[in-house]
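First up is the structure itself, then whatever we jot down about it.
The values are calculated or read from the model by the stated rules, or taken from the named source; none is laboratory data. Computed from a prediction, not measured in an experiment: that's the story for all the values here. We place every Cβ from the backbone using ideal geometry, glycine too, and count neighbours over all the protein chains shown.
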Amino acid sequence: MFSIRKVYDASTPQNRERLAQVQAILRAQFPGLKETQIRRLPDQLMNPVKHRFRSVLFVAEDQAGGVRGFALLLHAPDLQFCYLDLISINPGEAGRGVGGALYERVREEAAEVGAVGLFFECLPDDPALSPSPKIRAQNAARLRFYERYGARPVVNTEYETPLSPGDTDPPYLMLDPLGRDVAIERDHARQIVRAILERRYGDRVPPGYTDRVVESFRDEQLTLREPRYLKASTSKPAPATRPGARKIALAVSDAHQIHHVRERGYVEAPVRIRSIVEELKKTDLFEPVKVDGFPLRHIEAVHDRDFVRFLRNASAAVPNGKSVYPYVFPIRNPERPPQDLPLRAGYYCIDTFTPINGNAYKAAVRAVDCALAGAQALLDGRRLAYALVRPPGHHAERRSFGGFCYLNSAAVAAHLLSAQGKVAVLDVDYHHGNGTQDIFYARSDVLTVSIHGHPRFTYPYFSGFEDERGAGAGTGFNLNLPLPERTDGAAYREALGKALARIAKFGPAFLVLSLGLDVVRGDPTGSWSLGARDLAQNGTMIAGLGVPTLVVQEGGYRTRTLGVNARNFFQGLARGAHVR
């Protein structure tokens, strides 16, 4: 058994170990490859501007973390094409499906980023170019494999001209149209070929070679060789994406309704989820995913263990139908916590209106499970995922709860993702995400950005100021954008543009979005005047980052319009991410 893992950078120990194993495969399988080329792989991932390609590495990984094969994909957004630079498996893995799985994952990625096609090189099956029968037979086997997907050599060009006279087996330029009928015009084709030769091979080609090859592309459109190995009835190109693979992975908490606080004025009610689900059903954007129970260690990685134990035990101690509200807030002496439950609630809480009841902890844990399921969907290759949960979580700090929040689902998911690459957390709730800020305040691998009502007039009042920029290693990795009490859609988009510019500069591998729908006109906890159209525009702007994104539901309490607002946001997000 193996899974395909996408490696975004070399910033984590896990990724550095994967890269080391990939380099070992390169040395074993490509003895003619220069050591300098092998050693530059981490830099290719980290510095796309320098190498003029965005490099994406996929590894086939077994359960023990062993890399069984890899594929290196180069993406040129400026010319809208992808180039499969390398694909290889460990010796002894032939026939086990590793290479095929890697190629199919590469095709999916190329389709996801909107490439006009997937280009790569393959050695020739023409006796005039490949005189050795043994080598030619190996080449033919590869060409037959790729032909199953509709990938065939580009013809009527001089691409397979040897770099040096007398060289054998010069490669064909291959094109996989990704299961689509897309015509690549001559001028675009020439730009693509020049980019491949100049960016990939640099000064290794002799003088005049690039111009000669580029100018040999004279057909009005790229022409592919007719199928040679498969009959017309069996050579139907495979689609580049699995059914549903481009939909938004949806994880809805199946335990949210057990947390129902019936006191008058408690707006964080189960109807919130129902109203959103009903509107999402009107779209074809989502695909439900299974939500497993995750180990407690994921929660304790971001929350203090004693705090988690208190929540669990206190929740279990409250009789059915009862709630305990904190009413005394002792100075927090960690050596002498109060013994009485209401007093201890104040010891761990930041307000007087977030109760503990018999199901609060269970519902909060299940919300975390949904967020982790969404994060796992991103790790499995999804572009977008949505954890539709309650209770919310972004006010839950490392060792305190409040603001209807008990455990910080978004932070737990962000920490899980951070093992694979840098993460940005963007909080667009009306209220400041003090919990997320607190958890990541001293870390540089997770950027936290929050757009919210200024704390001088709105909850939580004590955090969310502009001068809170992080501490220690995290200095400069926390950005607060507090807005005035009266803010409309245009003013909000101006702040959102600043937030997205900072995130783009950070260059995350993943984005976790704490989605608050309490920014809209008429929300009982807010004062802004955004409408459904504003949310759609916001979604499109956020998707413009082009980063795999997990959306975690936070606030939003005007149930009459909550579902419509959620639907508009996701329609905008999907439009910007080209989800269909």
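From Gly539, Gly576, Gly516, Gly572, which residue is under 24 Å from Ala249 (Cβ atoms), at pLDDT below 95 and of a type outside the set (Ser, Thr, Tyr)? Just a single option satisfies the conditions, and that option is Gly576.
Under the condition of being outside any loop (DSSP other than H, G, I, E, B), crowded, with 17+ Cβ neighbours inside 10 Å and of a type outside the set (Lys, Arg), the residues counted in segment 245-276 number 9. What's the total number of residues in segment 433-455 that are over 18 Å from Ala501 (Cα atoms), touching a strand residue (DSSP E or B) at 6+ places or on another chain (Cβ under 8 Å) and of a type outside the set (A, V, I, L, M, F, W, C)? Qualifying residue count, segment 433-455: 10. With respect to Leu224, is the statement that it is outside the structural domain of Cys405 (by TED's automatic domain parsing) and modelled with pLDDT of 90 or more true? Considered against the rule, which asks whether it is outside the structural domain of Cys405 (by TED's automatic domain parsing) and modelled with pLDDT of 90 or more, Leu224 comes out as yes. Among the residues of segment 170-207, the ones that are surrounded by fewer than 19 Cβ atoms within 10 Å (Cβ to Cβ) and in a loop (DSSP other than H, G, I, E, B) come to 10 in all. Of all residues in segment 430-455, those that are buried (at least 24 other Cβ atoms within 10 Å of the Cβ) and of a type outside the set (Phe, Trp, Tyr) total 16. Test Leu33 against the stated conditions and say whether it is crowded, with 17+ Cβ neighbours inside 10 Å, more than 21 Å from Arg382 (Cα to Cα) and among the hydrophobic types (A, V, I, L, M, F, W, C). The answer is no for Leu33.
Here Ala495 fits the description: surrounded by fewer than 18 Cβ atoms within 10 Å (Cβ to Cβ), in contact with a Leu (Cβ under 6 Å, 6 or more places away or on another chain) and either assigned by TED's automatic domain parsing to the domain that holds Ala396 or not hydrophobic (A, V, I, L, M, F, W, C) (or both).
Scanning segment 535-580 for residues that are assigned to a helix (DSSP H, G or I), touching a Ser or Thr at 6+ places or on another chain (Cβ under 9 Å) and closer than 21 Å to Ala377 by Cβ returns Ile542, Ala543, Ala566, Arg567, Phe570, Gln571, Gly572, Leu573, Ala574, Arg575, Gly576, Ala577. Looking only at residues in segment 435-456 that are in contact (Cβ under 8 Å) with a residue 40 or more places away in the chain and more than 20 Å from the chain's Cα centre (by Cα), the one that is farthest from Ala495 (Cα to Cα) is Ile439.
Do we find that Val423 is within 30 Å of Tyr325 (Cβ to Cβ), touching a residue at least 40 places away in the same chain (Cβ under 8 Å) and surrounded by 24 or more Cβ atoms within 10 Å (Cβ to Cβ) in this structure?
no
The condition of being touching a Pro at 6+ places or on another chain (Cβ under 6 Å), more than 17 Å from Val182 (Cβ to Cβ) and of a type outside the set (Phe, Trp, Tyr) holds for only one of Ser164, Ser130, that being Ser130. In a residue-by-residue description of segment 85-92, the property of being at pLDDT 95 or above, assigned by TED's automatic domain parsing to the domain that holds Gln21 and surrounded by 21 or more Cβ atoms within 10 Å (Cβ to Cβ) applies to no position.
Taken together, Arg390, Arg443 contain a single residue that is in contact with a helix residue (DSSP H, G or I) (Cβ under 9 Å, 6 or more places away or on another chain), at pLDDT 95 or above and basic (Lys, Arg), which is Arg443. Residues in segment 428-450 that are acidic (Asp, Glu) and assigned to a loop (DSSP other than H, G, I, E, B) were compared, and the one that is nearest to Gly474 (Cα to Cα) is Asp445. For segment 9-17, does any single residue satisfy the condition of being within 21 Å of the chain's Cα centre (by Cα) and hydrophobic (A, V, I, L, M, F, W, C)? Within segment 9-17, one or more residues are within 21 Å of the chain's Cα centre (by Cα) and hydrophobic (A, V, I, L, M, F, W, C).
Output the qualifying pairs, or none if there are none: Cβ atoms under 7 angstrom, residues six or more apart or on different chains, first residue in segment 25-37 and in the same structural domain as Arg199 (by TED's automatic domain parsing) and in a helix (DSSP H, G or I), second residue surrounded by 12 or more Cβ atoms within 10 Å (Cβ to Cβ) and of a type in the set (Gly, Ala, Ser). Listed by first residue and then by second, the contacts come to Ile25/Ser88; Gln29/Ser88.
Taken across segment 327-341, residues that are in contact with a Gly (Cβ under 8 Å, 6 or more places away or on another chain) and at pLDDT 95 or above do not occur at all. Could you pull out the residue among Ala504, Ala509 that is of a type in the set (Gly, Ala, Ser), buried (at least 19 other Cβ atoms within 10 Å of the Cβ) and touching a residue at least 12 places away in the same chain (Cβ under 8 Å)? The conditions single out Ala509. Select from segment 524-560 the residues that are farther than 23 Å from Ser409 by Cα, surrounded by 22 or more Cβ atoms within 10 Å (Cβ to Cβ) and out of contact with any Gly (no Cβ under 7 Å at 6 or more places or on another chain) and list them in ascending order. Result: Trp528, single match.
The set of residues in segment 341-387 being farther than 30 Å from Lys247 by Cα and either assigned to a helix (DSSP H, G or I) or within 13 Å of the chain's Cα centre (by Cα) (or both) consists of Leu341, Pro342, Leu343, Arg344, Ala345, Gly346, Tyr347, Tyr348, Ala360, Tyr361. Once segment 200-222 is narrowed to residues that are touching a Leu at 6+ places or on another chain (Cβ under 8 Å) and in contact (Cβ under 8 Å) with a residue 60 or more places away in the chain, the residue that is farthest from Tyr146 (Cα to Cα) is Arg200.
Go through segment 277-311 and give me each residue that's assigned to a loop (DSSP other than H, G, I, E, B), under 30 Å from Thr561 (Cβ atoms) and of a type outside the set (Val, Ile, Thr).
If the condition is that a residue be assigned to a loop (DSSP other than H, G, I, E, B), under 30 Å from Thr561 (Cβ atoms) and of a type outside the set (Val, Ile, Thr), then Lys281, Lys282, Asp284, Leu285 are the ones that fit.
Applying a threshold of 7 Å to beta carbon distances and a minimum spacing of six or more residues, or different chains, the list of pairs starting in segment 135-147 at a residue that is touching a residue at least 60 places away in the same chain (Cβ under 8 Å) and ending at one that is of a type in the set (Gly, Ala, Ser) and not in a helix (DSSP H, G or I) reads Glu147/Ser235.
Please count how many residues of segment 70-84 are farther than 15 Å from Leu175 by Cβ and outside any strand (DSSP E or B). Of the residues in that region, 2 qualify.
Take the residues in segment 137-155 that are surrounded by fewer than 19 Cβ atoms within 10 Å (Cβ to Cβ) and touching a Leu at 6+ places or on another chain (Cβ under 9 Å); name whichever of them is nearest to Asp85 (Cα to Cα). Per the stated criteria, the residue is Arg142.
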